[in-house]
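Report on the following structure.
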Amino acid sequence: MQLEEKYSKIEHQNRLLLSRMSDIMTRPIGGGAAAGAGGVDNVCHAWEFGRSMNTRNRKSEEERIANCNEVSRSFILTQHKFPTFFLTLFLHAFLYPVA
């Protein structure tokens, strides 16, 4: 007898769940063109409450990285002339082969 009561309780809960899901899927969303379309309103409204508190930190970190990149770029362009160095080695090896 207990098993039968348990199954009837589960069946009742399943009917309630199905009814709720059906209500959610058939209810209109917001209004306008989407009214009567049905479905779940899952639009994110977080932007209404303000921006991230971490925005300033991210911005300053981005500027710091950009400055470091610019310093590295200018150092590479002004100090190290690798292409001409390797070209000189290649020409030296081509003109004066070791054999």
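Sequence-ordered 3J(HN,Hα) estimates for the stretch 57-62 from the Karplus curve with 6.51, -1.76 and 1.60 and θ = phi - 60° stand at 5, 5, 5, 5, 5, 4 Hz, glycine and proline given as x. The amide H of ARG27, built 1.01 Å from its N in the peptide plane, has GLY39 as neighbours under 5 Å, considering only residues 5 or more places off or on other chains. Net length available on complete extension from THR55 to MET21 is 8.3 nm, with 0.36 nm assigned per residue and the Cα-Cα distance removed.
Readers should treat all values here as calculations from the given coordinates under stated rules, not as data from a laboratory. This is a predicted model, so every value here is computed, not measured.
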